Amino acid sequence: MTVRSPQPRLAVLIDGDSPSPGIADELFAQVARLGQASIRRIYGDFSRPQIKAWADAMTRHAIVPHQQSQNTPGKNATDIALVIDAMDVLHAGLIDGFCIVSSDGDFTRLAARIREHGLMVYGFGAKQAPESFRKACGAFFELELPPPEPQLERLQPKPAPVPKAGLSAPHKLLHMIHAAISEIDGEDGWIALSVLGLKLNQRHPGYKNEIQGAKKLATLVRNTQAFDLEERTEKGWWIRPIRAIAATNGNAQSAHGPR
């Protein structure tokens, strides 16, 4: 009869100053594949907002909090408390391996010391965890935050921008463009769109956001349906009022007589 060996008993020690509580579910799911999380502890000053955020995860995964007040500014009391507890657990001889949850390189020596005693060390942390800590562990697992859930307001269409009081948006835009064109010498009624854009920026900075919210001047002009747009290969887009086209056609008919 084959007797199954029990799962390795693991001590999960969490540096509460380093990882986000959003990794808790992924952390313990991975630990369950490695062995049994016999000891589950988190260290930190629980009066701080970052550590308070662990409250739900501590209840859900039966993590025992170890309060460590920051008595001296600049001194990392959390790291010291975790290291002391780790050495106590190590010498008690009750577990088979450690899971150190942190992205702090200060735990490099602790991981190396535990391995010197013949126990396995698993590191859990973020992508920016230093290479020294990764190498000191027998295996290192990167933990990523789960993607945020879509919020209702993000799924709703954005309301149309409200134009400023006075002229309606289309009429205000037409007035601005015609005023700018009157200050530019055109070529047979045609004006380079880039030149028009410079003139509009000089006269009305931020005009696109105020009126339509569009990013391209060509889109604004096309939406008015009052101008003709022509793209020239080397010179970009050119514009002229539709009435200029009508006037040009009218002159041509007058010259040649009615058809």
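In terms of other Cβ atoms within 10 Å, Asp188, Asp79, Asp15, Asp25 run from fewest to most in the order Asp188, Asp25, Asp79, Asp15.
Between Ser38 and Asn76, residue separation times 0.36 nm minus the direct Cα-Cα distance comes to 11.1 nm.
When Thr59, Thr78, Thr233 are ordered from fewest to most other Cβ atoms inside 10 Å of their Cβ, what list results?
With the fewest neighbours first, Thr59, Thr78, Thr233 line up as Thr233, Thr59, Thr78.
Tell me the label-point distance for the pair Ile84, Glu116, using the 7 Å Cα-to-Cβ offset, in nm and rounded to one decimal. Here the answer is 2.1 nm between the modelled labels. With a ≥ b ≥ c the root eigenvalues of the C-alpha gyration tensor of the stretch 9-142, is it rounded (a/c under 1.5), prolate (a/b larger than b/c) or oblate? Cα axes put the stretch 9-142 in the rounded bin.
Which of Thr224, Thr219 comes first, and how do the rest follow, when ranked by fewest Cβ neighbours within 10 Å? Neighbour counts put them in this order, fewest first: Thr219, Thr224. The label point for Arg232 and the one for Asp188, both projected 7 Å from the Cα toward the Cβ, are 1.0 nm apart. Extension gain for Arg48-Gln128 works out to 26.5 nm (0.36 nm per residue, less the C-alpha to C-alpha distance). Under the simplified labelling scheme, the His175-Thr219 pair shows an inter-label distance of 2.5 nm, with each label point 7 Å from Cα along Cα→Cβ. Highest mean first, the peptides 120-126, 132-138, 61-67 sorted by other C-beta atoms within 10 Å per residue fall in the order 120-126, 132-138, 61-67.
Every number here is computed from the coordinates shown, using simple stated rules; none is lab data. Since we're looking at a predicted model, the values are computed, not measured. Note that each Cβ is placed from the backbone with ideal geometry, even for glycine, and that neighbours are counted across all protein chains shown.
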